[in-house]
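Working notes, structure below.
The values are calculated or read from the model by the stated rules, or taken from the named source; none is laboratory data. These numbers come from a predicted model, not from an experiment. Here the Cβ positions follow ideal geometry from the backbone for every residue, glycine too, while neighbour counts run over all protein chains shown. We work out accessible area using only protein heavy atoms, side chains counted, and drop any ligands, DNA or RNA first. Shrake-Rupley method; radii C 1.70, N 1.55, O 1.52, S 1.80 Å.
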Amino acid sequence: MSAQAPVKRITVPQIAARKGDTPIVTLTAYTAPMAALVDAHADVILVGDSLGMVVHGLPSTIGVTLEMMILHGQAVMRGSDKAMVVIDMPFGSYEESPEQAFRNSARVMAETGCGAVKLEGGSRMAPTIRFLTERGIPVMAHIGLTPQATMTLGGFKTQGRDPATWPAHIQDAIDVEAAGAFSVVVEGVMEPLADRITEAVKIPTIGIGASKNCDGQVLVLDDMLGLSGRVPRFVKKFSDLGPRASEAIAEYAAAVRDRSFPGDDQVYR
């Protein structure tokens, strides 16, 4: 009997080649079981720093550490086989200098085996992106609404409401492409602006709160499954598992209290 050939993960060149082709399916995952569920359907699994709020109950992404990203990245890699895994670089791990960014990105890739890292920031981060890509680290960029910068942006505000700001956002995309990014997340921008960004670059755009015309879409898994509380307007709940889970937990608690659980089928005679 011949051994089954191992599944090959989707690669950076394969994602880059999807520009203008079949939309790229991207979802977050933070644990091995959820990664296994997502892996069956997604092209890219993003280990987002949103895990700070979703998993750890933090008020924002600011408190997420490099060690947290590595731990969850390792879990997602163990739980998946096919999708390319991209890991967010957390706040403070790459902004100081290109050298700092390389040192920390190399550690993330070496300790997790992921396919790429993601950095927030447009033109200002282009030199860092170039420094990384020239040294063999694939980078997914992130422009528009950048959650790590909400303190300077004044909160989670939609970008591009003033058309006068559009050239700067478009230039962000052009500059990260020129620096070597293989794709770019476009978050929280007006739809016409997202369309112009997608047209302006030759790398795939991954939209979130942007436009259906982006080359792919990403959502936080817990949001689209209805496991989160209040979610942004751009989130569609494809299921509502939160209330169903709550009902199941309540049923378990009642069964324990009235001693109907464990029953004959759950004990060893």
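I'm told A75 meets every condition in (1) open to solvent by less than 40 Å² (accessible area, probe 1.4 Å); (2) within 18 Å of Q14 (Cα to Cα) except one. Can you identify the failing condition by its number?
(2)
State which residue is surrounded by the most Cβ atoms within 10 Å (Cβ to Cβ) when the search covers only region 26-40 and only residues that are aliphatic (A, V, I, L, M) and over 13 Å from the mean Cα position of the chain (by Cα).
M34
Table: residues versus (1) part of a helix (DSSP H, G or I); (2) farther than 23 Å from I208 by Cα; (3) in contact with a Lys or Arg (Cβ under 7 Å, 6 or more places away or on another chain).
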position: K19; (1), (2), (3): no, no, yes
position: T61; (1), (2), (3): no, no, no
position: V64; (1), (2), (3): no, no, no
position: M68; (1), (2), (3): yes, yes, no
position: L71; (1), (2), (3): yes, yes, no
position: V76; (1), (2), (3): yes, no, no
position: K82; (1), (2), (3): no, no, yes
position: V86; (1), (2), (3): no, no, yes
position: P90; (1), (2), (3): no, no, no
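Residues are listed down the side, and each one gets a yes or a no for (1) modelled with pLDDT of 90 or more; (2) among the aliphatic types (A, V, I, L, M); (3) under 17 Å from F91 (Cα atoms):
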site: L119; (1), (2), (3): yes, yes, yes
site: M125; (1), (2), (3): yes, yes, yes
site: F131; (1), (2), (3): yes, no, no
site: G136; (1), (2), (3): yes, no, no
site: G144; (1), (2), (3): yes, no, yes
site: M151; (1), (2), (3): no, yes, yes
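Could you check P13 against (1) modelled with pLDDT under 95; (2) assigned to a helix (DSSP H, G or I) and say which number it fails?
(1)
Report, ordered by the first and then the second residue, all pairs with beta carbons closer than 6 Å, sequence separation of six or more or different chains, a first member in region 24-38 that is more than 20 Å from G216 (Cα to Cα), and a second member that is modelled with pLDDT of 95 or more and among the basic types (K, R).
Once the first residue is more than 20 Å from G216 (Cα to Cα) and sits in region 24-38, its partners that are modelled with pLDDT of 95 or more and among the basic types (K, R) give A32/R78.
Of all residues being part of a loop (DSSP other than H, G, I, E, B) and open to solvent by 10 Å² or more (accessible area, probe 1.4 Å) in region 167-210, which is farthest from T11 (Cα to Cα)? Just the residue, please.
M190
Only one of A35, A42 is in contact with a Lys or Arg (Cβ under 9 Å, 6 or more places away or on another chain) and either more than 25 Å from Y94 (Cβ to Cβ) or assigned to a loop (DSSP other than H, G, I, E, B) (or both). Can you tell me which?
A42
List the residue pairs whose Cβ atoms are under 9 Å apart, where the first residue sits in region 244-261 and is among the polar types (S, T, N, Q), the second is surrounded by 10 or more Cβ atoms within 10 Å (Cβ to Cβ) and at pLDDT 95 or above, and the two are 6 or more positions apart or on different chains.
From residues that are among the polar types (S, T, N, Q), the pairs are S260/A254.
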